[in-house]
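What follows is a single structure, written as structure tokens, with notes after it.
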Amino acid sequence: MQGSTRIVHEPVGVVAMITPWNWPMNQIACKVAPALATGCTMVLKPSEIAPFNAVIFAEIMDEAGVPKGVFNLVQGDGPTVGKALASHPDVDMVSFTGSTHAGIAVAQAAAPTVKRVHQELGGKSPNIILRSADFSAAVAAGVRRCFGNSGQTCTAPTRMLVPAERMDEASRSP
């Protein structure tokens, strides 16, 4: 207690987690770990395109002794299962990673129940090359980084930003 203010740390409650197909195990772990650490129960809906990592993760959670009902796994597509989770009145928070289009649908489904919604939406990262950079090396490295995981990663530096006066040099770099 500080003055007349009291701060209470408590779990959000039931967290619905909707993960994308790319980097599936990483995406699952990045959502489950903080929810578990803060005492939340959770329902994971992995991408229907890459569902098996979630099954393996569920088996790991079970083997680790996570109590029944703390971690729950459901399979299905976004428009059906994802929407049901986002709109369910017993879900207190939705954590979604995916496209902007699907993120809008999640936010709209969650809105009537006024739950917390955390979103990481599709986008690519900028690759900013400064005037002082070795342009040949920086452009070549930036182009290589675009194609990790076949370019299917939100951190692929697909937008290369260079000073206007060095644009020609950047476009000719190997």
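The values are calculated or read from the model by the stated rules, or taken from the named source; none is laboratory data. On a predicted model such as this, the values are computed, not experimentally measured, just so you know. Here the Cβ is made from the backbone with ideal geometry for all residues, glycine too, and neighbour counts use every protein chain on show.
Of all the criteria given as (1) in the same structural domain as Cys30 (by TED's automatic domain parsing); (2) more than 25 Å from Ile56 (Cβ to Cβ); (3) not in a helix (DSSP H, G or I), the one not satisfied by Pro157 is (1). Looking across the range 63-91, the residues that are assigned to a helix (DSSP H, G or I) and under 23 Å from the mean Cα position of the chain (by Cα) come down to Gly78, Pro79, Thr80, Val81, Gly82, Lys83, Ala84, Leu85, Ala86, Ser87.
From the list Arg159, Arg144, the one residue that fits, being more than 23 Å from Thr19 (Cα to Cα) and free of Cβ contacts under 8 Å to residues at least 24 places away in the same chain, is Arg144. One residue is enough: does the range 60-67 have a residue meeting the conditions assigned by TED's automatic domain parsing to the domain that holds Ala109, surrounded by 13 or more Cβ atoms within 10 Å (Cβ to Cβ) and within 25 Å of Leu121 (Cβ to Cβ)? Checked the range 60-67: no residue is assigned by TED's automatic domain parsing to the domain that holds Ala109, surrounded by 13 or more Cβ atoms within 10 Å (Cβ to Cβ) and within 25 Å of Leu121 (Cβ to Cβ).
Answer yes or no: is there a residue in the range 103-117 that is closer than 30 Å to Arg172 by Cβ and surrounded by 14 or more Cβ atoms within 10 Å (Cβ to Cβ). Walk me through how you get there before you give the answer.
Kept after step one, since they are closer than 30 Å to Arg172 by Cβ, are these residues of the range 103-117: none.
Checking the range 103-117: not a single residue is closer than 30 Å to Arg172 by Cβ and surrounded by 14 or more Cβ atoms within 10 Å (Cβ to Cβ).
Return yes when Ile128 is in contact with a Leu (Cβ under 8 Å, 6 or more places away or on another chain) and over 15 Å from Lys45 (Cα atoms) and no when it is not. Spelling it out, Ile128 is indeed in contact with a Leu (Cβ under 8 Å, 6 or more places away or on another chain) and over 15 Å from Lys45 (Cα atoms). Whether a residue is among the acidic types (Asp, Glu) and in contact (Cβ under 8 Å) with a residue 40 or more places away in the chain was assessed, and Asp90 passes this test. Residue check: is Pro34 assigned by TED's automatic domain parsing to the domain that holds Phe96 and either farther than 16 Å from Ala16 by Cα or touching a residue at least 40 places away in the same chain (Cβ under 8 Å) (or both)? Answer is no for this residue.
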